[in-house]
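Presented below is the structure to which this report refers.
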Amino acid sequence: MNILSIDTSTMMSSTALMEDGIILADFNLNQEKTHSESLVPMIEYMLHGLGMTPADVDVFAVSVGPGSFTGIRIGMTVAKTMAQVFQKPIYGVSTLQALACGLPDRGLLIPLLDARGGRVYYGEYRWEGDIPISLDGDDLIESEDLFAQLKEVKEPMVFLGEIAAAYREQIDSLHQARISLPMQNSCFAKQICYLAERKYKAKQPSEFDIIHPNYVRKSQAQRELEMRKNNGSPF
């Protein structure tokens, strides 16, 4: 069984191909181009290098967020289009769960993504069996509120994500807390393959009709539109 995964929820374009539990290709690119410019050529290059075509893919998988609003839409559009054209199942995976999946640690896992303005997307995950499970759903929070909240936690914690290093001082002040290694903080496509494989093997139905971006919060455009409506302003 071949699973092709896509992650465009951060600045990194990431795609991977797994065959029967083995990663055959893992292609990640962080550059000035937008995901719309780089993603499809990356997928084509990866499949060509493996002597495959999209028709050889049995399952498609994509990160649903949280993360970049535009990036998530691009990745999901590409994944759903291929799944529809080739009539294959598709599964959505939380970006934060995929990040947590990169570190099979016994402690409490706190994946973080930058939400700008001193805020972070975060989750609290713990491994149960062969996957990390969310304890209370993915959320958006002011960073200072998050660390105040975690002051009460008395078990080992591991913070994951590239933004975690920016909060090293706050993390060091917590009880038994540490930051994961740099290579565990980005490029989630491999983990998305793994998590999608778990869904497929559990005989979960394709999520094509229910899969949607998990923005956690409304986009700036939506917020501005609602503000104009509430204020009665045309601007």
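The values are calculated or read from the model by the stated rules, or taken from the named source; none is laboratory data. Remember, it's a predicted structure, so these values are computed and weren't measured experimentally. Don't worry about glycine lacking a Cβ; one is built from the backbone with ideal geometry, like all the others, and counts go over all protein chains shown. Quick note on the areas: whole protein, heavy atoms, side chains included, nothing else; ligands and nucleic acids left out. Shrake-Rupley method; radii C 1.70, N 1.55, O 1.52, S 1.80 Å.
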Residue identified as modelled with pLDDT under 95 and of a type outside the set (A, V, I, L, M) among THR81, THR34, THR77:
THR34
Would you pick out the residues in region 84-123 that are among the polar types (S, T, N, Q) and either in contact with a strand residue (DSSP E or B) (Cβ under 9 Å, 6 or more places away or on another chain) or modelled with pLDDT under 95 (or both)?
GLN84, SER94, THR95, GLN97
Residues of region 56-102 being at negative phi, open to solvent by less than 40 Å² (accessible area, probe 1.4 Å) and among the small types (Gly, Ala, Ser), which ones?
ALA61, SER63, GLY71, GLY75, ALA79, ALA83, GLY92, SER94, ALA98, ALA100, GLY102
Mind telling me which of the residues LEU47, LEU29 ends up being more than 20 Å from ARG198 (Cβ to Cβ) and either open to solvent by 50 Å² or more (accessible area, probe 1.4 Å) or at pLDDT below 95 (or both)?
LEU29
Long-range neighbours under 9 Å by Cβ, at least six apart or interchain, first residue at positive phi within region 18-30, second part of a strand (DSSP E or B):
ASP20/ASN2
Using the structure shown, decide if PHE147 is over 20 Å from the mean Cα position of the chain (by Cα), over 20 Å from ASP26 (Cα atoms), among the aromatic types (Phe, Trp, Tyr) and surrounded by 16 or more Cβ atoms within 10 Å (Cβ to Cβ).
yes
Within region 173-188, take every residue that is under 27 Å from MET12 (Cα atoms) and over 20 Å from the mean Cα position of the chain (by Cα) and give me the one that is most open to solvent (accessible area, probe 1.4 Å).
ARG178
Just checking, which of ILE141, ILE163 is out of contact with any helix residue (DSSP H, G or I) (no Cβ under 6 Å at 6 or more places or on another chain), more than 12 Å from LEU99 (Cα to Cα) and part of a strand (DSSP E or B)?
ILE141
Is one or more of the residues making up region 107-118 within 24 Å of LEU181 (Cβ to Cβ) and open to solvent by 10 Å² or more (accessible area, probe 1.4 Å)?
yes
